[in-house]
Amino acid sequence: MTDTQESRLRCALVSTDPGFRESLRRMLEADAREIELAMEIAEPFAEMSDELIAALRRCDPDLVFLDFDDDPATAVSFCRFLSEGNAQRYIIGTGPALAAETLLETMRAGVAEYLPKPVADEAIGGALDRAARRLGWAPANRAPGDLYAVFSPKGGAGTTTVATNLAIILYRLTGKKTLLVDLDLELGEVAVLLGIKPRFSLLDLAENFARIDAGLLASYITPHESGIHVLAAPFHPEPAGRLPSEDVRAILAYLKRHYDYVVADTPKSFSLESVAAFEEASRVLLVTTVGVPALRNLQRCKPLLEQAFGRDRDRLRLVVNRYHTDDVISLDDVRRTVGFDVYWTLSNDYEAVSHSINAATPVVQNAKSRYTRDLQAMGVDLLGLHQKGRRLSGSRLIGDLLGRFRNKSTEAPA
Ligand SMILES: Nc1ncnc2c1ncn2[C@@H]1O[C@H](COP(=O)(O)OP(=O)(O)O)[C@@H](O)[C@H]1O
Ligand SMILES: [Mg+2]
């Protein structure tokens with residue numbers, strides 16, 4: 001995968017208007033494009049120090065939002081300064097409605113477009129799209145991100161809890177753009193678990209997929225305070241199979257181009273949505289508990305799993321949830337019944353998990369819980385961070401390693 005940091009567009013914001021700065025910040029935060037707010041200047045032109053101007057020069061933004069509110073005449077000169085520094089720079093002006101004459105002068109000074117206030121979010125989104133296009137930044141240019149699909153043929157195994165918390169873990173471990181998508185159109189619970197009330201859902205995206213662009217995508221996404229983005233299921237249940245499998249596949253492929261990590265929670269059946277996710281996924285985490293009914297179900301699903309994964313078995317990873325070392329059924333029994341190895345175990349942690357559900361906060365917010373420790377160790381392994389040993393501090397790395405060996409099945413392969 002490419003490092004998206006390198007391909008990010010850098011944006012500077014020059015505005016004395018706190019309201020405008022706030023809405024631009026919010027837009028960029030929720031935005032699916034790789035635009036980084038590299039510098040924010042709130043001072044009026046007359047009060048900008050030489051150091052500040054030098055810092056702006058060094059920052060060398062690809063894109064500048066320049067507010068004319070403070071002083072339109074000086075803003076025009078400032079524009080000239082910005083476009084002289086870098087002729088490719090895309091400058092978006094905003095402020096009071098300007099007379100035709102002034103507007104023309106503004107354009108001559110290098111402003112690519114001017115958005116009179118009040119500026120609607122859609123207008124900012126449109127401008128960002130045009131800027132990205134003009135600057136030759138296309139999400140299609142970068143390698144797609146990784147999709148982790150979380151699945152269980154049986155309800156209640158802990159799929160939604162794993163998907164939701166894994167997304168947060170991946171984001172925490174890497175700081176990269178992470179999307180959690182709820183493919184359970186019938187009764188998706190991701191939003192409930194996160195305590196958010198999304199305005200739009202995957203279905204809205206699907207209905208408008210023909211005209212999707214980064215701006216439109218951003219409008220369907222709900223940011224969560226943990227730093228991840230969420231594409232929720234519709235609030236009112238939709239019948240399973242409502243979306244054709246090819247559509248779901250195309251949507252997931254599109255989302256992978258916009259995010260480094262996509263985690264998909266899937267419905268508890270081999271539905272069209274689940275199968276589409278299997279096809280697009282780098283890894284499918286098959287979640288099970290160790291009870292007899294759960295294992296029996298898994299056994300019955302073996303032919304379907306074989307059909308879906310065939311020889312590509314390595315993509316499928318069995319995760320035993322609510323695991324307890326005293327369980328009557330051992331991991332070896334699981335392997336024998338199901339026919340493949342246990343990839344990871346997640347502790348049974350009723351207190352932490354149920355508390356998190358009642359508080360509508362993800363359980364990984366509770367750093368001390370066994371569940372968090374196990375899931376974090378799994379995230380580290382999925383990302384291959386052990387081998388690279390990067391970013392993790394020594395003590396954390398040791399903690400993760402311990403967690404890993406405590407949890408990873410050490411049994412011989414089948
Ligand atoms: N490791 C765990 N320890 C204790 N309870 C868990 C654990 N994982 C999930 N649960 C509980 O099991 C129930 C089902 O979890 P959920 O994630 O909704 O499953 P699914 O999406 O597979 O139906 C929830 O009440 C959840 O709190
Ligand atoms: Mg669920």
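So for the chain, what are the equivalent ellipsoid semi-axes in whole Å, largest first, each being the square root of 5 times an eigenvalue of the Cα gyration tensor? Can you show the working numbers first?
Working: eigenvalues 438, 98, 63 Å².
Taking √(5λ) for each eigenvalue gives 47, 22, 18 Å, largest first.
Place a +1 charge on the Cβ of each Lys and Arg in region 4-140 and a -1 charge on the Cβ of each Asp and Glu, then give the dipole magnitude about the Cα centre in debye, rounded to the nearest 20. Kindly include the intermediate steps, with their values, before the conclusion.
Values: 15 positive and 25 negative charges, 105 e Å.
Here region 4-140 has a charge dipole of around 500 debye.
Which of the pairs 154/177; 197/302; 177/368 have their Cα atoms more than 32 Å apart in this structure? Could the numbers behind the result be given before it?
Working: 154/177 30 Å; 197/302 37 Å; 177/368 25 Å.
Result: 197/302 exceed 32 Å.
Using a simple spin-label model with points 7 Å from Cα along the Cα→Cβ vector, what separation in nm is obtained for residue 86 and residue 49?
2.3
Over the Cα atoms of region 156-249, what radius of gyration and what Dmax do you get, in Å?
For region 156-249, the Cα radius of gyration and maximum Cα-Cα distance read 13.2, 37 Å.
Could you state, as a whole-number percent, how many of the C-alpha pairs of region 225-291 are farther apart than 19 Å? Intermediate values should be presented prior to the final figure.
Working: 836 of 2211 pairs.
Counting every Cα pair in region 225-291, those more than 19 Å apart make up 38 percent.
Could you work out how far apart the two model spin labels at residue 122 and residue 208 are, taking each label as a point 7 Å from the Cα in the direction of the beta carbon, and quote it in nm?
That separation, rounded to one decimal, is 0.8 nm.
Do me a favour and compute the ellipsoid semi-axes for region 297-383 from its Cα gyration tensor, root of five times each eigenvalue, largest one first, whole Å. It would help to have the intermediate numbers written out before the result.
Details: eigenvalues 148, 48, 31 Å².
Semi-axes (√(5λ), whole Å): 27, 16, 12.
If I histogram all Cα-Cα distances within region 87-132 using bins 10 Å wide from 0, what percent of pairs lands in each bin?
Reading upward from the zero bin: 27, 54, 19.
Magnitude of the Cβ-charge dipole of region 289-385, K/R +1 and D/E -1, about the Cα centre, nearest 20 debye?
Charge dipole, region 289-385, about its Cα centre: 260 debye, nearest 20.
Specify whether the C-alpha gyration tensor of region 191-308 places it in the rounded, prolate or oblate class, a ≥ b ≥ c being the square roots of the eigenvalues: rounded for a/c under 1.5, otherwise prolate if a/b is larger than b/c and oblate if not.
Working: a/c = 1.94, a/b = 1.59, b/c = 1.22.
Here region 191-308 falls in the prolate category.
As a test of the definition: which semi-axes, in Å, follow for region 4-140 when you take the square root of five times each eigenvalue of its alpha carbon gyration tensor? Largest first, please.
Numbers: eigenvalues 90, 58, 45 Å².
So the three semi-axes of region 4-140 are 21, 17, 15 Å.
Could you calculate the FRET efficiency of residue 57 with residue 23 from 1/(1 + (r/R0)^6), where r is the beta carbon distance between them and R0 is 22 Å, rounded to 0.05? Walk me through the numbers on the way to the answer.
Numbers: r = 26 Å, r/R0 = 1.20.
For R0 = 22 Å, the calculated efficiency reads 0.25.
Roughly how far apart, in whole Å, are the Cα centres of region 324-352 and region 213-244?
After rounding, the separation between the Cα centres reads 32 Å.
Here, each number is a calculation from the coordinates, and none is a lab measurement. All values derive from a computational prediction rather than experimental measurement. Neighbour counts run over all protein chains shown; Cβ positions are idealised from the backbone, glycine included.
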